[in-house]
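Novice: Before anything else, here's the structure in question.
None of the figures in this text is laboratory data; all of them are computed from the coordinates on show. Keep in mind it's a predicted model, so treat the numbers as computed, not measured. Using ideal geometry, Cβ is built from the backbone for each residue, glycine included, and neighbour counts are taken over all protein chains shown.
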Amino acid sequence: MSVLRASRTYKVPENTLRDRVLGKVDPETVVMGKVPLFDELEEAQIVNHFKAMADLGYGYTQQECIDVALQFAVQLGKRTVDTPLSMMWMKGFLKR
């Protein structure tokens, strides 16, 4: 099947298919949506902190988790106190 025909059949932009067929874009590394605020190592540090506190008998509420993550982001210079994290951020964090 030609790229043009596949484009029309599956309603995908022709250039999108062509880029993948020609190897200009690696389909395995393309990420949809926003880039996460924290990288994997930083998220692991946050998770380890939450687990350590839970082991000590102090479980954070979701809002407290958001507040701790915001403090960490401010400390890393990735966010300001004026731009708080949302519950949607928390849902995405829990999915990862």
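Novice: How large is the charge dipole for the chain, taken about the Cα centre, if only the Cβ atoms of Lys, Arg (+1) and Asp, Glu (-1) carry charge, to the nearest 20 debye?
Specialist: In total the dipole reaches around 700 debye.
Novice: For residue 22 and residue 8, compute 0.36 nm times the residue count separating them, minus their Cα-Cα distance, and round to one decimal in nm.
Specialist: Gain on stretching residue 22 to residue 8: 3.2 nm.
Novice: What aspartates and glutamates does residue 51 reach when the alpha-carbon gap must be under 13 Å and sequence neighbours fewer than 8 apart in one chain are set aside?
Specialist: Residue 51 reaches 43.
Novice: Expressed as a fraction of 2.2 N^0.38 Å, the rule-of-thumb size for a compact globular protein of N residues, what is the C-alpha radius of gyration of the chain?
Specialist: 1.61
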